[in-house]
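Working notes, beginning with the structure itself.
The values are calculated or read from the model by the stated rules, or taken from the named source; none is laboratory data. As the structure is a prediction and not an experimental result, all values here were calculated from the model. Reconstructed Cβ throughout: ideal geometry from the backbone, glycine too, with neighbour counts over all protein chains shown.
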Amino acid sequence: MDSETGARLREIRSKTGLSQRQLAKASGVANATISQIESGALNPTVGMLKKVLGGIPISLSDFFADDFSFTDQVFFSADKLLQLGEGGVSYLQVGNHLHNKSIQMMKECYQPGAHTGKHAIQHEGEECGIILSGSLEVQVGEEKKVLKTGDAYYFKSSVPHHFKNVGRDPCELITACSPPSF
């Protein structure tokens, strides 16, 4: 996440008429944590930010989108993919908005040691992915496996899941989620 994450969260929370305490209660995240994120003192993991945004509710893609117009664009150049995160874990989404769409597709990159956070991710739908390079530890419920180039996964997203790059090189993968809920 970049340094603007906190300011953006504060702006969206305010526009929806929620106080920090109300958002904390709705999301199940401590008020102090939300305050630290908004002030820039805490840079949330993707998993933590998703949990906070669940209390608004707003998807990660809508949180990071700059343009709120809903067009039926067909082609997307590499430099026009929507950046949903950067740093240890980055996500490039095909399409700016997924309003009335059935699939969310992304190119993800995990730097060595990077992970989705200490809290498992859960959301409605199904997701799958294929490793393009590197290795990624994927935990779904009680099952855990290190996947390498060419390996893939597919599971129901309502099962708690977690991703971590346990290798020495960046891990790149292509993922899809249906319905878009990330």
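Identify, by number, the condition in (1) assigned by TED's automatic domain parsing to the domain that holds Glu172; (2) at pLDDT below 85 that Phe63 doesn't meet.
It fails just one condition, (1).
I need the full set of residues from the range 124-182 which are among the acidic types (Asp, Glu), closer than 25 Å to Phe63 by Cβ and in contact with a Gly (Cβ under 7 Å, 6 or more places away or on another chain), in order please.
Glu172
The rows are residues; the columns are (1) within 21 Å of Val52 (Cα to Cα); (2) at pLDDT below 85; (3) not assigned by TED's automatic domain parsing to the domain that holds Asn43.
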site: Glu86; (1), (2), (3): yes, yes, yes
site: Cys109; (1), (2), (3): no, no, yes
site: Gly117; (1), (2), (3): yes, no, yes
site: Glu137; (1), (2), (3): no, no, yes
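Within the range 16-31, does at least one residue satisfy the condition of being out of contact with any helix residue (DSSP H, G or I) (no Cβ under 9 Å at 6 or more places or on another chain) and more than 27 Å from Val94 (Cβ to Cβ)?
Yes: one or more hits.
State whether one or more residues within the range 93-116 are buried (at least 17 other Cβ atoms within 10 Å of the Cβ) and out of contact with any strand residue (DSSP E or B) (no Cβ under 6 Å at 6 or more places or on another chain).
Within the range 93-116 (the criterion being buried (at least 17 other Cβ atoms within 10 Å of the Cβ) and out of contact with any strand residue (DSSP E or B) (no Cβ under 6 Å at 6 or more places or on another chain)), the answer is yes, since at least one residue qualifies.
Restrict the check to the range 72-84 and report whether at least one residue is charged (D, E, K, R) and at pLDDT 90 or above.
No: zero hits.
Ile34 fails exactly one of the following numbered conditions: (1) modelled with pLDDT under 85; (2) more than 15 Å from the chain's Cα centre (by Cα); (3) crowded, with 16+ Cβ neighbours inside 10 Å. What is the number of that condition?
It is condition (1) that Ile34 fails.
How many of the residues in the range 130-182 are surrounded by 15 or more Cβ atoms within 10 Å (Cβ to Cβ), without any contact (Cβ under 8 Å) to a residue 40 or more places away in the chain, part of a loop (DSSP other than H, G, I, E, B) and among the polar types (S, T, N, Q)?
Count: 1.
Could you check how many residues of the range 1-32 are among the aliphatic types (A, V, I, L, M), in a loop (DSSP other than H, G, I, E, B) and over 25 Å from Gln122 (Cβ atoms)?
Number satisfying all stated conditions: 0.
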